[in-house]
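See structure below.
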Amino acid sequence: MTAPDRSLLTIGIVSYNSHQVLSACMQELLGKPQYRTLIIDNASTDQSAARLQAMFPDIEVIPLPHNIGYGRAANVGIAEAKTKYFLLLNPDLQITTADIDRLFDRALSLGEDVALLAPAVERRDYLQQGLLDRDWVIGAAMLFNLTALSPLGLFDENIFLFSEETDLCIRIRRAGLRIALDSDLFVNHLYRQSTPSSPEIEELKNWHIAWSNCYVLSKHGLATGKKHPYRLLVIYLVKMLTSTSRFKRVRYRTRLSGTWAFISGQSAFLPDGTAQHAPRRQAGSASVAAGDQ
């Protein structure tokens, strides 16, 4: 296959303490980049920005002053790109230049009504049935036609982490545009390996899973039945009280807190622009891998 015009595409990767997984998963892609590649570093605490720039001098690292969340950081990369096409990748994808060439070549063959194209990142989606229309795709690898997408706006900056791609997909479909899955191309996604984990990070993730879910459902008029925030509050309370696993009790306690925070009108962000955090955690510990889908 002849490589497509690579000047039309920018690659963006949101990173938080991700230098190890990036160097393991994307050595070929980042070592000799054939596309303009941006790493938007969400104020990593392990010197990831400097380490990645040293390891891969031909990429562009954009260091952010604090962790602004996945969607906001992605928007920074998209604004910097200034190309018609933008490919947003999670750090824990085992993806190569050849994979991107193939995906981008497919994108160039599509009409302007396709705002979003994604490869299969789960085996169940690797159907080898060509291009398939979808209402939603996993956010680990998303190739955007920005000409089609820009009138709708980019990622909702009220969200710190989780459900931002769900919100965007809903807006794309409601605007009459298409979301396509390339079921012929599989890219292995390691899942939950974008950054090292810790109890604090897991609690923060669960808080934002709950808050973002309530926010997106309510925003789009989908918070009905079991998806209503008050129903979710009861569900998490029952699960917290009946779980025999300490790990699950903490998970549901934290999701209960995130749900109640949404109901009570709290933002996903603190007044200083940093993320809301789980109860009994200090704000300074509220850093999370804003890039782990």
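The values are calculated or read from the model by the stated rules, or taken from the named source; none is laboratory data. Because the structure is predicted, anything quoted here is derived from the model rather than measured. Here the Cβ positions follow ideal geometry from the backbone for every residue, glycine too, while neighbour counts run over all protein chains shown. For accessibility, only protein heavy atoms count, side chains too; no ligands or nucleic acids. Shrake-Rupley method; radii C 1.70, N 1.55, O 1.52, S 1.80 Å.
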What are the residues in the stretch 83-113 that are more than 30 Å from Asn17 (Cβ to Cβ) and buried (at least 21 other Cβ atoms within 10 Å of the Cβ), if any? Ala107
Go through the stretch 70-105 residue by residue and tally those that are on the phi < 0 side of the Ramachandran plot and either of a type in the set (Lys, Arg) or in a loop (DSSP other than H, G, I, E, B) (or both). 9
May I ask you to list pairs of residues, at least six apart or on different chains, whose Cβ atoms are under 7 Å apart, with the first in the stretch 21-50 being within 19 Å of Pro63 (Cβ to Cβ) and the second being of a type in the set (Phe, Trp, Tyr)? Leu30/Phe56; Asn42/Tyr16; Ser44/Tyr16
Among residues of the stretch 59-88 being at pLDDT 95 or above and of a type in the set (D, E, K, R), the residue nearest to the chain's Cα centre (by Cα) is Arg72
Single residue of the stretch 149-171 satisfying the filter (of a type outside the set (S, T, N, Q) and on the phi > 0 side of the Ramachandran plot) that is surrounded by the most Cβ atoms within 10 Å (Cβ to Cβ): Phe162
Checking the conditions here, which among Leu30, Leu8, Leu22, Leu38 is open to solvent by less than 20 Å² (accessible area, probe 1.4 Å) and touching a Phe, Trp or Tyr at 6+ places or on another chain (Cβ under 7 Å)? Leu30
Going through the stretch 2-58 in order, the residues found to be outside any loop (DSSP other than H, G, I, E, B) and among the basic types (Lys, Arg) are Arg6, Arg36, Arg51
Residue by residue through the stretch 120-147, note down the ones that are within 22 Å of Tyr70 (Cα to Cα) and open to solvent by 80 Å² or more (accessible area, probe 1.4 Å). Asp135, Trp136, Thr147
Given (1) in contact (Cβ under 8 Å) with a residue 40 or more places away in the chain; (2) more than 18 Å from Leu110 (Cα to Cα), Ile179 misses just (2)
Return the pair list, or none, for Cβ contacts closer than 8 Å from residues in the stretch 140-154 that are free of Cβ contacts under 8 Å to residues at least 40 places away in the same chain to residues that are surrounded by fewer than 24 Cβ atoms within 10 Å (Cβ to Cβ) and basic (Lys, Arg), at least 6 apart or on different chains. Leu152/Arg171; Gly153/Arg171
Is it true that some residue in the stretch 52-70 is more than 26 Å from Ala24 (Cα to Cα) and open to solvent by less than 10 Å² (accessible area, probe 1.4 Å)? no
Taking the stretch 223-264 and keeping only residues that are among the β-branched types (Val, Ile, Thr), within 20 Å of Asp167 (Cβ to Cβ) and part of a helix (DSSP H, G or I), one is left with Thr259, Ile263
